[in-house]
Amino acid sequence: FIKATFGTNINFIKATFGTNINFIKATFGTNINFIKATFDNLINFREATFGNDIDFIEATFGNDIDFSEATFGNEIYFSGLKKGYNFDLSGTTFYSIPALTLQSEDDKVGYNLTGSTFNLDTPITSHTVSNLQVLKSIADATASVNESRDLFILQRLAERTLHWEALKEHPLKPKLGQKKMPWIKSLITHFSRSMQSTVLTSVFWLIADFGRSALYPLLWWIGSVVGFKFINEWMYDKPILVNRQGDLLDYTLSNSIPFGKLLNPDFEQAVRDLFGRYQTVYVDGIAHVVNVVEIPLKFHLVGMLQSVISIILLFLIGLAIRNFFKIS
């Protein structure tokens, strides 16, 4: 069946295929059923193209299955299939999330998701999330790091959509006989879940492209240094500021690096220059001029905020580098 073309509404229900069946580069229309079909030996669908509504429900594969570089439309079902050995989905493109169930934990072995692409082009339901969880567990078990991360992202996006759908379906006012307080609590819960998933997902995407980019958090880190430098300038005594630019930069940089205050040898001197004031102290009647350093509370608070932001951004840079080398 190499490069064969199949139309729509094709039924292979309970069909039995012998050895070395090749559907390489075949084209299938919509509503193709391989429900409970049996493939006795090697089956090859490499680079095949499938339309929508493709069912391999409870199909039995006696040997290796090759779907590498294949393309699937919407509504793809692999539920309840029994695979023999390897199930190759490398380089496969799915325009929806396929339904896939596992017979056992050991069933994850043999799957190959390397280079596969999944999309959320169909209406999202709770089944979408559960299907993504199954696929991610397979990717984790087979060390498909890149695919595992992408599936995790799709799962979070799908959950965000479901939260907003649930909020839209929430009644605008209490039902007849329903107490007002439980209705208010339910509304607040749905709204907080929707906002939390949206904000966290959006921030993670904006700052680090979901952990895929080291450049994004690096640029944000540089921007944070510049931004906090301006904030410190605004809070400082402006008439003296012209002579303290270098000290202020040292102070800001030290807050932007973990243990920066210990690693930067110029930090202590910068603090003395910025916040020190000379004061006369009498000891045993003898006057001593000492430099008293008191960092204002507002600088402490801003420094703490900068340190927290910097730690998060540097962690995201490290995460992206780790992912890059682990994937490569």
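The values are calculated or read from the model by the stated rules, or taken from the named source; none is laboratory data. As the structure is a computational prediction, the values presented were derived from the model and not from experiment. Here Cβ is always computed from backbone atoms with ideal geometry, including for glycine, and neighbour counts include all displayed protein chains. Note: areas computed on protein heavy atoms with side chains; ligands, DNA, RNA excluded. Shrake-Rupley method; radii C 1.70, N 1.55, O 1.52, S 1.80 Å.
Computed about its Cα centre, the charge dipole of the chain is approximately 1020 debye, with only Lys, Arg, Asp and Glu carrying charge at their Cβ. Axis of helix 126-141 versus longest Cα principal axis of the chain: the two differ by about 80°, to the nearest ten degrees.
Could you state the per residue volume, in Å³, of the convex hull enclosing the Cα atoms of the chain?
Given the Cα convex hull of the chain, per-residue volume reads 239 Å³.
Report in % the part of the accessible area of the chain that belongs to carbon and sulfur, leaving out ligands and nucleic acids; probe 1.4 Å. About 60 percent, which is the carbon plus sulfur part of the accessible surface. The angle separating the long axis of helix 297-327 from the principal Cα axis of greatest extent in the chain is about 30 degrees. Taking residue 173 as the anchor, which lysines have their alpha carbon closer than 29 Å to its alpha carbon, excluding any fewer than eight residues away along the same chain? Qualifying lysines at Cα under 29 Å: 185. Each DSSP beta bridge with both residues in the chain is either parallel or antiparallel, and the antiparallel ones are about 20%. Among 143, 235, 323, whose Cα projects farthest towards the positive end of the dipole of the chain, with charges put on the beta-carbon of Lys, Arg (+1) and Asp, Glu (-1)? Of the options given, the answer is 235.
Springs join every pair of Cα atoms under 10 Å in this Gaussian network model of the chain, and among 151, 167, 316 the largest mean-square fluctuation is at 167.
Applying the Karplus relation 6.51 cos²θ - 1.76 cosθ + 1.60 with θ = phi - 60° to the range 17-33 yields 3J(HN,Hα) values of 10, x, 9, 6, 8, 10, 10, 4, 6, 6, 10, 10, x, 9, 6, 9, 10 Hz, where x marks Gly and Pro. Scanning residues 5 or more positions from residue 100 or on other chains, those with amide H under 5 Å from its amide H are 78, with H placed 1.01 Å from N in the peptide plane. Taking amide H atoms as placed 1.01 Å from N in the peptide plane, the amide H of residue 60 lies under 5 Å from those of 37, 38, 39, 82, each 5 or more residues away in sequence or on another chain. Straight-distance candidates among the lysines for linking to residue 298, with alpha-carbon spacing under 19 Å and chain neighbours fewer than 8 residues away dropped: 229, 238, 261. Relative to the longest principal axis of the Cα atoms of the chain, the long axis of helix 245-255 lies at roughly 50 degrees.
If you put +1 on each Lys and Arg Cβ and -1 on each Asp and Glu Cβ, how big is the dipole of the range 62-183 around its Cα centre, in Debye rounded to 20? Intermediate results must be reported in sequence, preceding the final value.
On the way: 12 positive and 15 negative charges, 220 e Å.
So the magnitude is around 1060 debye.
For the range 44-162, the ratio of Cα radius of gyration to the globular rule of thumb 2.2 N^0.38 Å stands at 0.97.
Taking 0.36 nm per residue of sequence separation and subtracting the Cα-Cα distance, how much length would be gained by fully extending the chain between residue 202 and residue 122, in nm to one decimal? Walk me through the intermediate numbers first.
Working: separation 80, 0.36 × 80 = 28.80 nm, distance 2.10 nm.
Length gained, residue 202 through residue 122: 26.7 nm.
In percent, what relative contact order does the chain have, based on Cα pairs under 8 Å that are 6 or more apart in sequence? Averaging sequence separation for qualifying contacts and normalising by length gives 9 percent for the chain.
Within the same chain, lysines fewer than 8 places from residue 83 are excluded, and of the rest, those with a Cα less than 24 Å from its Cα are 14, 25, 36, 108, 136.
Rolling a 1.4 Å sphere over the protein heavy atoms, what is the accessible area per residue of the chain, to the nearest Å²?
On the way: 18370 Å² over 328 residues.
That works out to 56 Å² per residue.
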